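Okay, so here's the structure we're looking at.
Nothing in this text is a laboratory measurement; each read-out follows from the coordinates by a stated rule. Here the structure is a predicted model, which is why all the values come from computation and not from measurement. Methodologically, a virtual Cβ is constructed for each residue, glycine included, from the backbone with ideal geometry; neighbour enumeration extends over all protein chains shown.
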Amino acid sequence: MARDADGFPVTRSAGGVRRGAAGSRELAVLDERISGCRACPRLVAWREEVAEVKRASFRDEEYWGRPVPGLGPADARIAVVGLAPAAHGGNRTGRVFTGDRSGDWIFAALWRAGLANQPTSVHRDDGLQLTDVRVCAAVRCAPPANAPTPQERDTCSPWLARELALLPRLRVVLVLGGFGWTALWPVLAEAGVPLPRPRPAFGHGVEVPLTGPNGPLTLLGSYHVSQQNTFTGVLTEPMLDAVLTRATELASS
Ligand code: SF4
């Protein structure tokens, strides 16, 4: 696999994503391959343009400008799946949900739930450590207007499928928002998980009991931690805490 100037292995097509994901035997390899992915031309152009132009308040920082891999240990029993990195959040810092308001919400909630060692997530070297949870996204590149196309979602899905497959103790997938909810069904189908018909509609607190490759697996829905939801009160801290408490209960049951 050819490498780019920073040493990351380059993936240039949907087929390359499928092969690269399938051939990743551990999370570190998967993370590296995700970081070098260039399979979606529109998203590659956008993430790199944002990294070049920058927001004025971050003009002295070097943006990551790449796909953003997941964060958290391989023995995690809970996976939290978001939509995609923010242009000046994950696309800037190189760590999922790090450096934006959404991250402030999710990492503070993970800390309150005992799943993170600190309530803040500011940059990649800030000492944040997660326990029993892996945080990732359905699409790994920052999209214009926070809106990936269905084709981009599908192209990126093997990365997520492989990431979940590399969590052998996984018991709960907590999905933030309807986009991730829709994205997850084909990922689960690819993992051989029998799916209910019709598919349960997304909603906050919705639970779908499934049988995963390693036993019981529960899909859990939560409104996304987007500013649109948190500023307007659609999602409150008690609501997010309740769903994370439920996730930890399910993971321990
Ligand atoms: S969105 Fe996913 S598949 Fe597309 S370029 Fe980014 S990492 Fe690759």
Original post:
Which value in deg cm²/dmol, rounded to the nearest 500, describes the helix-derived mean residue ellipticity at 222 nm for the chain, given -39,500 (n - 2.57) per DSSP H run of n ≥ 4 and division by the residue count?
Top reply: -11500 deg cm²/dmol
Original post:
Using the Cα gyration tensor of the range 1-83, with a ≥ b ≥ c the square roots of its eigenvalues, what is the shape: rounded (a/c below 1.5), prolate (a/b larger than b/c) or oblate (neither)?
Top reply: oblate
**OP:** Please list 81-91, 10-20 highest first by mean number of surrounding beta-carbon atoms within 10 Å per residue.
**Re:** 81-91, 10-20
**OP:** Just report the Cα centroid separation between the range 84-127 and the range 147-194, whole Å.
**Re:** 21 Å
Subject >> Order by protection proxy (mean Cβ within 10 Å, highest first), peptides 196-206, 230-240 >> reply: 230-240, 196-206
Original post:
Does the range 68-252 come out rounded, prolate or oblate, given a ≥ b ≥ c as the square roots of the eigenvalues of its C-alpha gyration tensor, rounded meaning a/c under 1.5 and, failing that, prolate meaning a/b above b/c?
Top reply: rounded
Original post:
For the chain, which DSSP H helices look membrane-span-like by this rule: Cα extent along the axis of 20 Å or more and mean Kyte-Doolittle of at least -1.0?
Top reply: 150-165, 237-252
